[in-house]
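Q: Please see the structure below; I have some questions.
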Amino acid sequence: MHYKDLIVWQRAMDLTTEIYRLTKKMPKDELYGLTNQLRRATVSIPSNIAEGNGRASTGDYVRFLVIARGSVSEVETQLLICVRIGYLLEEDIKTSLGLCEEIGRLLTSIIKKLRN
């Protein structure tokens with residue numbers, strides 16, 4: 001199956017779009033701080049799914065999916081930091097957190113299936 005057909009990749013792309021939208025609300029002096037970190041972490045999710053899908057071995061694919069799952073946790077944590085320090089409101093991040101939860105579940109499911 002091509003990576004573009006994977007629901008997890010599609011949701012990761014949705015999350016990336018949402019994070020870019022959210023980070024536009026953040027202070028300009030955070031452009032090279034949390035804004036950059038969030039954008040890099042979220043871009044790495046669909047990128048690692050795609051790269052793993054293009055690898056020749058199942059082991060490589062699983063490794064890239066595990067990296068993507070780690071990036072999901074990174075994005076969740078950074079969003080919560082943004083709320084704690086007052087850059088975003090809890091209401092602002094609900095959609096993103098929901099996508100993170102869904103992507104994390106999907107990645108875990110795929111990883112388990114590939115390992116068996």
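The values are calculated or read from the model by the stated rules, or taken from the named source; none is laboratory data. Since the model is a prediction, treat every value here as computed from it, not as a measurement. With ideal geometry, Cβ positions are generated from the backbone for all residues, glycine too; neighbour counts draw on all protein chains shown. What goes into the accessible areas is simple: the full protein's heavy atoms, side chains included, and nothing from ligands, DNA or RNA. Shrake-Rupley method; radii C 1.70, N 1.55, O 1.52, S 1.80 Å.
Q: Do any residues in region 58-87 that are touching a residue at least 40 places away in the same chain (Cβ under 8 Å) have Cβ atoms under 8 Å from those of residues that are of a type in the set (Lys, Arg) and surrounded by fewer than 15 Cβ atoms within 10 Å (Cβ to Cβ), where the two are at least six apart or on different chains, and which pairs are they?
A: Partner pairs satisfying both residue conditions: 61/55; 62/115; 87/25.
Q: Report yes if residue 59 is exposed (fewer than 14 other Cβ atoms within 10 Å of the Cβ) and among the small types (Gly, Ala, Ser), otherwise no.
A: yes
Q: Also, quick follow-up: Evaluate the following for residue 6: is it under 15 Å from residue 80 (Cα atoms) and touching a residue at least 12 places away in the same chain (Cβ under 8 Å)?
A: The answer is no for residue 6.
Q: A further question follows. Cβ contacts < 6 Å: first residue among the charged types (D, E, K, R), restricted to region 88-116; second residue modelled with pLDDT of 95 or more and part of a helix (DSSP H, G or I), any location; separation 6+ or different chain. Result?
A: Listed pairs, sorted by first residue: 90/83; 102/11.
Q: Among (1) within 30 Å of residue 1 (Cα to Cα); (2) assigned to a loop (DSSP other than H, G, I, E, B), where does residue 87 come up short?
A: Exception for residue 87: condition (1).
Q: Those residues that are in a helix (DSSP H, G or I) and among the polar types (S, T, N, Q), I need them from region 52-71; list them, please.
A: Matches in region 52-71: 53, 58, 71.
Q: Looking only at region 1-51, how many residues end up being hydrophobic (A, V, I, L, M, F, W, C), open to solvent by 50 Å² or more (accessible area, probe 1.4 Å) and not in a helix (DSSP H, G or I)?
A: Total meeting the criteria: 2.
Q: Next question. Does region 25-60 hold any residues that are basic (Lys, Arg) and at pLDDT 95 or above, and which are they?
A: Matches in region 25-60: 39, 40.
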